[in-house]
Every structure is written in C-alpha cells, then in structure tokens.
Amino acid sequence: MRHLYILARQLFMTIGTILLIAGFAITLANALPYLFVAESYVSFFGDRDPQELRHIPALLHIAPAIVALMVGPFQFSVRSRKYVPQIHRVCGWIYITSVFTSASASLILVPYTFGGAVNGLGFGILAVLWLSATLIATIKAIQVDVSQHQQWMMRSYVLTCAGVMFRLEMLVLQQFLSWSYYEAYSFSAWACWIPSTIALEIWLRVKRHRL
C-alpha cells in the first residue's frame, strides 16, 4: 500500500510539474501583452470598457498574479525553510501581498467578465476563496501553526494556479476539441479551479489519514 502511495505521489508531482511549466509559458505569453501592449487590452476589453476605466485594475490583477505564480513554488522548498528562513519569510510576504492585490483587483473586474454573470460568478468565487485561503495561511503563520499554515498555503497556491489551468484548458478545448471561444471560456471559468481544489482536498485527507 505504501508503495502505491509513493508511486501515486510521484506521478502526481511529475504530471503537476509538467503542466505547471507548460502553463507558465502559455500564461506569460497571453498575459504579458496586456501589460506592455495597449492594443491587447483594447482588443479584449474594448466593447466592455470603451473609456479604459478598468485598465489599471486589469494591470493590478495580472502583474501581481505573475509574481505570485513565480514566488509560490520556492515557498514549498523544505531546504529554504530550514536553512534560509529569512528569505522564506520575505518571499512569503511578497506572495501574500501579490495575492491580496491581484485578487482584490479581480473583484473589481468580475462584473465585466466576458460572457456575463455566470462566468463572473465563477471568477468571483475563485477570488474570494483565493483571498480567504491566503488570509488564513497568513494568520496560521503568525500563530506559528506550521502544519495548518502549510496546508492553507497549498490551498492558496492551487488557486493561484487557476490562471495557469484556465489558459491550458482554453488551449485544449479550442485547439483539440474545436470548442468556440465563448464555450471554452464559460467552461474554464469554473473548471480552472474546482477540479484542482477538490483534488488537493482529497490528497490532504489521504495524507492526514496516513499520519
């Protein structure tokens, strides 16, 4: 049984790493133009924001989210926590600040989500859960509750990766399943975070049961 658990864990980590790296590349390729090319923002938000009133919230959502994506993996390194705890704490506060900024900005954008209220609700719930998980993880760190801090930070980072999953799902659904942009977007607004969140909770329960 133990061998199966170890094999499943290794397989999960390998697949997760491959998807994360691929997702990072796709996410950066899609997100960076919104930061540096004004026409990219207009082409996507144009009819929903003709006066570009939400350009700044969009930038405050995208840029900090990229920072959180990049910083997050290093926070799970046992060596960094053990040998350079100061760097772990500094990166932790960078991650927390990035998440709070990005998630708060996303709540401003939710009412104007492409595809309407249903898609907006999916992203809105994601933003609230993202903020909540990160806040609880922060509180647990301050309370020096290491175990709970780690679990809640894992939940937070899985939700951080929703942007990566969203881009991966959009690519697969459109390129390989021939879904329309609207269909892929509407599906991914929910599927980018629900399956991964459920998978993490199952994994955490299995891990606790083994302990």
Task: Failed criterion for residue 135 (all others in (1) open to solvent by 20 Å² or more (accessible area, probe 1.4 Å); (2) over 23 Å from residue 195 (Cα atoms) hold) - done: (2)
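Pick from 132, 147: which is modelled with pLDDT of 95 or more and either over 23 Å from residue 31 (Cα atoms) or not aromatic (Phe, Trp, Tyr) (or both)?
Answer to the check: 132.
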TODO: Inspect all residues belonging to the range 166-178 and state whether any of them is among the polar types (S, T, N, Q), without any contact (Cβ under 8 Å) to a residue 24 or more places away in the chain and on the phi > 0 side of the Ramachandran plot.
DONE: yes
Task: Count of the range 78-99 residues which are in a helix (DSSP H, G or I) and open to solvent by less than 70 Å² (accessible area, probe 1.4 Å) - done: 9
TODO: Scan the range 59-78 and report the pairs whose first residue is more than 11 Å from residue 163 (Cα to Cα) and whose second residue is modelled with pLDDT of 90 or more and open to solvent by 40 Å² or more (accessible area, probe 1.4 Å), with Cβ atoms within less than 7 Å and a gap of 6+ or a chain change.
DONE: 60/101; 64/101; 67/94; 71/94
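The values are calculated or read from the model by the stated rules, or taken from the named source; none is laboratory data. Just so it is clear, the structure is predicted and the values come from calculations on it, not from any experiment. Glycine also receives a Cβ, built like all others from the backbone with ideal geometry; neighbour counts cover every protein chain displayed. These accessible areas exclude ligands, DNA and RNA; they are computed on the full protein's heavy atoms, side chains included. Shrake-Rupley method; radii C 1.70, N 1.55, O 1.52, S 1.80 Å.
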